[in-house]
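As structure tokens, the structure follows; a few thoughts come after it.
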Amino acid sequence: MEKLEVKNLNHHFGFTEILRDINFTLNKGEVLSIVGPSGGGKTTLMHLCADLLDVEEGSVTNTFTSSSFAFQEGRLLPWKNVIDNIALGLLAKGESKHEAIQKSQEIALRFGLEEEDFEKFPKDLSGGMKQRVSFARALVVKPSLLFLDEPFSALDIGLKKELQGILIDMISKKEISILFITHDLMEAIRLSDEILLLKADPGHIVKRFSYELTQNQRDDKYVYGESAKILQDEEIIDTFELELK
Amino acid sequence: MIINIKYDIISTTIQIRNNVKFLLKILKDFPAYLWSGWGAIASIFLFLAFWDFGNQVYGDLVLPSPLVTFQTLTTMLLDENVWLEINTTLYRASVGFGVSLLLGSALGLVAGFFATASMMSRPIVTILVGMPPIAWIVLAMIWFGMGDETVIFTVIIASFPIIFVGALQGTRTLDGDLKEMAESFKLPWHMKFFDVYFPHIFSYVFPAWVSGLGMAWKIVIMAELLATSNGMGASLAVARSQLDTPTALALVVVMIGSLMFIEYIILEPIKREVELWRS
């Protein structure tokens with residue numbers, strides 16, 4: 001069984017303690033969200049899980065066969081056009097150029113890009129289109145584990161729903177597992193099986209919330225209801241400093 | 001291992017094929033680029049008009065008319081000896097520029113990868129850039145005497161820092177976010193180099209080459225004028241001593257003309273294609 005297991009993870013940058021005693025397991029087909037205020041060590045935690053940072057104390061065991069990353073800001077290569085950007089991951093895996101281009105074109109169309117956009121460079125794309133390309137690049141490699149680092153935060157509500165819809169579709173078919181970082185509780189409730197609340201200074205997990213209902217059955221009413229509930233939670237209020245002072 | 005090598009060879013072939021395609025695109029867009037040059041030609045003619053006006057005001061000795069200059073130029077270009085001088089200058093400029101291109105790019109790239117090296121190289125670059133070329137010429141004359149070496153040395157020392165700084169900036173400014181992205185997709189080393197690092201570095205190094213070349217061309221003439229008895233710079237010195245203004249101007253036209261040819265006919269079309277992605 002593929003899984004991502006984090007045990008007793010601590011991390012420091014110099015003398016600053018960033019993360020303390022993080023433990024969780026992400027199983028295949030699950031969506032795990034880490035929520036918390038900005039600067040709480042969420043991105044560091046994700047980078048440790050994705051092997052972009054070296055683990056110093058504790059352990060991160062990743063047995064997923066493949067993974068990919070969608071970043072908060074698209075991080076497209078400015079000198080490559082849309083299709084070549086999407087094909088990057090496929091080419092890195094050693095697929096033939098022809099096949100990679102074909103797959104990239106297919107997924108680009110599915111993600112709402114148009115044929116006339118294929119040759120465009122990132123400088124000619126709107127923010128939303130860049131994020132579509134970034135998503136397509138991450139998903140075209142059919143990863144079994146997807147890392148999402150607040151990819152929705154700069155998007156308008158329509159596009160957000162559209163991209164989340166694609167993910168929910170994949171989740172309900174158990175095609176993908178997701179480690180999702182966000183500071184938006186509603187987003188987390190819409191997508192996750194489990195939410196970990198990460199409190200800052202140093203980052204440590206203070207509470208876990210589980211959601212049983214399958215993602216494709218969660219309607220707006222459910223999401224709003226659960227959001228209202230979670231917003232009254234004392235730990236949430238404390239962590240996000242929601243109290244009026 | 002063998003599979004890896006094979007894979008590398010395949011991707012290198014793809015890379016070469018891409019480069020050929022790129023070259024063809026440059027050639028294909030070339031006529032359109034030339035056609036866009038009418039504005040430039042108009043401004044050159046305007047300049048010639050002012051030049052002729054200057055001739056009418058100040059007379060033939062001070063400023064020969066464009067017509068006389070170009071007539072002198074034609075007779076000059078029919079003379080084999082003049083071509084020898086031009087070749088000598090071309091040789092010196094290209095050896096000097098070639099050396100600083102290789103040295104400057106290589107050292108700049110290496111220095112860019114190490115924080116200490118780039119920090120340490122800064123004051124040296126300031127000295128190299130700040131030192132007037134004429135002072136280098138004097139020193140080189142003392143060190144190497146009158147000849148090729150002096151000129152080539154001065155050309156190297158003048159164009160090296162420009163290229164070095166370009167290459168250094170290119171590596172220093174590599175985007176950490178993109179590196180991380182490349183890590184996350186586990187790009188193999190050749191893709192990391194060709195797809196992530198190279199285009200960025202090249203966008204810095206290429207303009208530096210262009211300005212380095214302009215500098216080399218200017219310095220070679222100056223060094224020749226002071227330190228040698230052949231080459232275009234020396235011919236210029238002779239024209240000066242004989243108060244032969246038409247020949248001096250004709251030489252200037254050759255210098256400017258060749259620089260314009262290299263810049264606008266060779267380099268600019270390449271630059272346009274290379275920097276298509278820039279906003």
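Data for the structure
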quantity: Subset of segment B:165-188 [open to solvent by 40 Å² or more (accessible area, probe 1.4 Å) and within 14 Å of another protein chain (Cβ to nearest Cβ)]; calculated: B:Thr173, B:Asp175, B:Gly176, B:Asp177, B:Lys179, B:Glu180, B:Glu183, B:Lys186
quantity: Residue in segment B:81-99 that is open to solvent by less than 40 Å² (accessible area, probe 1.4 Å), assigned to a loop (DSSP other than H, G, I, E, B) and either touching a strand residue (DSSP E or B) at 6+ places or on another chain (Cβ under 6 Å) or free of Cβ contacts under 8 Å to residues at least 12 places away in the same chain (or both) present; calculated: no
quantity: Test: residue in segment B:135-152 that is surrounded by 18 or more Cβ atoms within 10 Å (Cβ to Cβ), assigned to a helix (DSSP H, G or I), without any contact (Cβ under 8 Å) to a residue 60 or more places away in the chain and away from every other protein chain (no Cβ under 14 Å); calculated: yes
quantity: Test: B:Asn18 is of a type outside the set (Gly, Ala, Ser) and modelled with pLDDT under 80; calculated: yes
quantity: Hits in segment A:172-194 - residues which are under 24 Å from A:Thr63 (Cα atoms) and over 13 Å from the mean Cα position of the chain (by Cα); calculated: A:Ser172, A:Lys173, A:Lys174, A:Glu175, A:Asp193, A:Glu194
quantity: Within segment B:199-279, helices (runs of 4 or more DSSP H) holding 3 or more residues that are free of Cβ contacts under 8 Å to residues at least 40 places away in the same chain, closer than 21 Å to B:Leu109 by Cα and small (Gly, Ala, Ser); calculated: none
quantity: Odd one out for A:Leu52 among (1) at the interface with chain B (Cβ under 8 Å from one of its Cβ atoms); (2) touching a residue at least 40 places away in the same chain (Cβ under 8 Å); calculated: (2)
quantity: Residue in segment A:191-245 that is most open to solvent (accessible area, probe 1.4 Å), counting only those that are among the hydroxyl-bearing types (Ser, Thr, Tyr) and within 18 Å of A:Thr25 (Cβ to Cβ); calculated: A:Ser210
quantity: Any hit, segment A:102-115, residues being of a type in the set (Gly, Ala, Ser) and either open to solvent by 70 Å² or more (accessible area, probe 1.4 Å) or touching a Pro at 6+ places or on another chain (Cβ under 8 Å) (or both); calculated: no
quantity: Residues of segment A:59-70 satisfying the condition of being among the hydrophobic types (A, V, I, L, M, F, W, C) and open to solvent by 10 Å² or more (accessible area, probe 1.4 Å); calculated: A:Val60, A:Phe64
quantity: Flag for B:Ile162 being exposed (fewer than 14 other Cβ atoms within 10 Å of the Cβ) and among the aliphatic types (A, V, I, L, M); calculated: no
quantity: Sole exception among (1) open to solvent by 20 Å² or more (accessible area, probe 1.4 Å); (2) over 28 Å from B:Ser258 (Cβ atoms) for B:Tyr204, by number; calculated: (2)
quantity: When residues of segment A:71-91 are limited to those that are open to solvent by less than 20 Å² (accessible area, probe 1.4 Å) and at the interface with another protein chain (Cβ under 7 Å from one of its Cβ atoms), the one nearest to A:Val140 (Cα to Cα); calculated: A:Gly89
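The values are calculated or read from the model by the stated rules, or taken from the named source; none is laboratory data. Predicted model only: the values in this text are computed from it and were never measured. Here Cβ is always computed from backbone atoms with ideal geometry, including for glycine, and neighbour counts include all displayed protein chains. The accessibility values were calculated without ligands, DNA or RNA, using every heavy atom of the protein model including side chains. Shrake-Rupley method; radii C 1.70, N 1.55, O 1.52, S 1.80 Å.
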